[in-house]
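Each remark here refers to the structure printed beneath this line.
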Amino acid sequence: VLALAANGDPGKHPAAIKRLRKNFVHFDVIYFGHATDEKTAESLRAAGVDLLVSMPVEVEDFFVRGARLLALRRIKSKVGIIGRSRALNEMLETVIQVAPTEVSVLIAGESGSGKELTAKAIHQFSRRRNKVFDVVNCGALAEGVLESELFGHERGSFTGAVSRRRGLFERADGGTLFLDEVGEMSLAMQVKLLRVIETGEFLRVGGVERI
């Protein structure tokens, strides 16, 4: 962490911080300064300040926000997320909120924006961290193959099914299952997936026993 105590005209500080950022790219920057207007505060954040602290310091507020900054840094380090934009930090704060829960999470974003890393972050900071983290690309598998991959199948349920097979939902029980490209599923498969999410139950392909 790089802590900066600033005096003088705060309007001149963003340019100096940008220059510091070139040499201290991997540091979290905490800026201690007297109260500034919102425009200057935005300029400081845009220059690379991670935590803006007004003087005199409110100790309790500082420790709360400092703990938040350390939590974000820990997540990034743990799963290899690189970046320090406000949007990224807000997303990671959401990760911190949902990770301890048992809710299903929808992660939306363009290709290459880090959806799988986000899923890993949720897993790493959940109570399921010591269990399996499994991934399936729903857009890369044909409908019949995907159904068997997710739910498993019973022996004899189709040609080539020579034995019972447990699906990803069973194998990832107690851990985290990341379903990538869910929008590429057929509508029929999306209905079956919705049913599993709503009820927590499913049937293996060719099976009659609810799991």
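The values are calculated or read from the model by the stated rules, or taken from the named source; none is laboratory data. Note that the structure is predicted; figures quoted are calculated from it, not measured. Note that each Cβ is placed from the backbone with ideal geometry, even for glycine, and that neighbours are counted across all protein chains shown. The area values use the complete protein model at the heavy-atom level, side chains included, leaving out ligands, DNA and RNA. Shrake-Rupley method; radii C 1.70, N 1.55, O 1.52, S 1.80 Å.
Dividing the mean sequence gap of close Cα pairs (under 8 Å, 6+ apart) by how many residues the chain holds gives a relative contact order of 14 percent.
What are the equivalent ellipsoid semi-axes of the chain, built from the alpha-carbon gyration tensor (square roots of five times its eigenvalues), in whole angstrom, biggest first? Those come to 48, 16, 13 Å. Scoring 43-51, 26-34 by mean Cβ neighbours within 10 Å over their residues and listing the highest first yields 43-51, 26-34.
You can think of it this way: the chain between Ser186 and Glu201 has 3.4 nm of extra reach, that is 0.36 nm per residue less the Cα-Cα gap. Solvent-accessible surface of the chain, averaged per residue with a 1.4 angstrom probe and all protein chains in place: 62 square angstrom.
Roll a 1.4 angstrom probe over the protein heavy atoms and tell me the percent of accessible area of the stretch 7-125 that is carbon or sulfur. Don't jump to the answer; show the numbers that get you there.
Numbers: 4290 of 7580 Å².
Carbon and sulfur together cover 57 percent of it.
Using just its DSSP H runs of length 4 or more, each adding -39500 (n - 2.57), the chain gives a mean residue ellipticity at 222 nm of -13000 deg cm²/dmol after division by all residues. Taken along the Cα-to-beta-carbon direction at a fixed 7 Å, the label points for Thr101 and Ala161 span 3.5 nm. Around the Cα centre of the stretch 37-78, unit charges on the Cβ atoms of Lys, Arg, Asp and Glu (plus for the first two, minus for the last two) sum to a dipole of about 480 debye. When its C-alpha radius of gyration is set against 2.2 N^0.38 Å (N residues), the stretch 16-89 gives a value of 1.13. Between the listed residues Gly174, Ser77, Val205, the Cα displaced farthest toward the positive end of the dipole of the chain, a dipole computed from Cβ unit charges relative to the Cα centre, is found at Ser77.
Expressed as a whole percent, the accessible area of the stretch 126-199 that falls on carbon and sulfur atoms is 49 (1.4 Å probe).
Our compactness index for the stretch 73-112, the C-alpha radius of gyration over the empirical 2.2 N^0.38 Å, is 1.22.
Return a whole-number percent for the relative contact order of the stretch 104-211, with Cα pairs under 8 Å and 6 or more residues apart as the contact set.
Here the relative contact order equals 30 percent.
Using only the C-alpha atoms, the convex hull of the stretch 102-211 corresponds to 107 Å³ per residue.
Net length available on complete extension from Phe62 to Ile82 is 4.7 nm, with 0.36 nm assigned per residue and the Cα-Cα distance removed.
Assign one of three labels to the stretch 47-137, namely rounded, prolate or oblate, based on the Cα gyration tensor with a ≥ b ≥ c the square roots of its eigenvalues; rounded applies when a/c is under 1.5, prolate when it is not and a/b is larger than b/c, and oblate otherwise.
Note, shape of the stretch 47-137 comes out prolate.
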